[in-house]
Structure formats: structure tokens, C-alpha cells
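Asks: Below are the C-alpha cells for one structure; questions will follow.
The values are calculated or read from the model by the stated rules, or taken from the named source; none is laboratory data. Since we're looking at a predicted model, the values are computed, not measured. Note: ideal-geometry Cβ built from the backbone for every residue, glycine included; neighbour counts use all protein chains shown.
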Amino acid sequence: MIVLDTNALMMPVECNVRVFEELERVLSRTEGDVTEYVTPVAVRTELEKLADGAGAEATAAAVGRDLLDRCSVRETDADYADDAVLELATRPDATHAVTNDKPLKRRLLDAGVPVISLRGRNKLGITQP
């Protein structure tokens, strides 16, 4: 199970990254491999609020909201998106989290979760705890 946060789902517009293709590449998976992508309800809520705005951020959030079709949206005890991502990422069936948020990345690494984030212009890489 790979947990994605808000900015991971906004990467296609903000960073010109084909997120799911890059995740397959970084994780050395092939199309036949089954990978479950999940995101918390709090991330969906955040994307919906951002998409209601205007400008580039709203466009990126709208694209991110559309990408939720490729994810399983899960309930968590946390209402704040970063806390909810951490909650899901520390479950036993989670293998990685995807984020570019530096404070969240630090929290995830401190909790022992490998983090996938932007490396260079439009490639993803894994940081081990």
C-alpha cells in the first residue's frame, strides 16, 4: 500500500510528473504488478477546497482530485491531512508514502516510513528512514 498526500496528487500540474508512471518506475514494478494506492479522506477534502479556488493551484488540485479515481480513499481518526497520511503510512500494510512536504517527510522518516518524493526536475526517488 502506497499512501499519497495532497501535493503528490498535484504533481502532474505543479512539477510535470506523471505520478503513477514514476511510482511504477521507482518501485521497479511492471503493469501486471498489483499496487494499492491510498489516500485519506482529509486529502480528498483538501483537494476539493483547493480546486474551488482560482489559478494554477486550483487547476493542480482539480487534476489531483481526478487522480483520486486511481486511489482508495480511506477513513482515518485524524482530520488534518498530514496527520491522516502519517496514520495510514504507519499501518503494517503500508510500504511507502509519497510527498514533497518537507515537515511531513521528516515526520514520516522519523516514524520509519520510506518516502518517495521529487528528485531533480520531474523524477521521483525514495528516501529510506
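Asks: Within the group ARG65, ARG91, which residue is on the phi < 0 side of the Ramachandran plot, crowded, with 18+ Cβ neighbours inside 10 Å and either assigned to a helix (DSSP H, G or I) or not hydroxyl-bearing (Ser, Thr, Tyr) (or both)? Give the derivation first.
Replies: Values: ARG91 fails: crowded, with 18+ Cβ neighbours inside 10 Å.
Only one candidate qualifies: ARG65.
Asks: Are any residues in region 3-30 modelled with pLDDT of 95 or more and either part of a strand (DSSP E or B) or at positive phi (or both), and if so, which ones?
Replies: Once the filter is applied, which keeps residues that are modelled with pLDDT of 95 or more and either part of a strand (DSSP E or B) or at positive phi (or both), region 3-30 yields VAL3, LEU4.
Asks: From LEU47, LEU23, LEU67, which residue is of a type in the set (A, V, I, L, M, F, W, C) and in contact with a Lys or Arg (Cβ under 7 Å, 6 or more places away or on another chain)? Give the derivation first.
Replies: Numbers: LEU23 fails: in contact with a Lys or Arg (Cβ under 7 Å, 6 or more places away or on another chain); LEU67 fails: in contact with a Lys or Arg (Cβ under 7 Å, 6 or more places away or on another chain).
Residue meeting the stated conditions: LEU47.
Asks: Report yes if THR76 is among the polar types (S, T, N, Q) and more than 25 Å from THR127 (Cβ to Cβ), otherwise no. Talk me through it step by step, then tell me what you get.
Replies: Values: among the polar types (S, T, N, Q): yes; more than 25 Å from THR127 (Cβ to Cβ): no.
So THR76 does not fit the description; no.
Asks: Look through region 68-80, keep the residues that are crowded, with 17+ Cβ neighbours inside 10 Å and more than 11 Å from the chain's Cα centre (by Cα), and return whichever of them is nearest to ALA111 (Cα to Cα). Walk me through it before giving the result.
Replies: So in region 68-80, the residues crowded, with 17+ Cβ neighbours inside 10 Å come out as 68, 71, 74, 76.
So of that shortlist, the ones also more than 11 Å from the chain's Cα centre (by Cα) come out as 74, 76.
On the way: ARG74: 20, THR76: 17 Å.
Result: THR76.
Asks: Here's another thing I want to ask about it. Within region 31-45, identify whether any single residue is touching a Gly at 6+ places or on another chain (Cβ under 9 Å), within 25 Å of GLU87 (Cα to Cα) and either in a helix (DSSP H, G or I) or modelled with pLDDT of 90 or more (or both), and answer yes or no. Lay out the reasoning, then the answer.
Replies: Start the filter on region 31-45 by keeping residues that are touching a Gly at 6+ places or on another chain (Cβ under 9 Å), which leaves 43.
Next, from what is left, pick out any that are within 25 Å of GLU87 (Cα to Cα): 43.
Next, from what is left, pick out any that are either in a helix (DSSP H, G or I) or modelled with pLDDT of 90 or more (or both): 43.
Among the residues of region 31-45, at least one is touching a Gly at 6+ places or on another chain (Cβ under 9 Å), within 25 Å of GLU87 (Cα to Cα) and either in a helix (DSSP H, G or I) or modelled with pLDDT of 90 or more (or both), which makes the answer yes.
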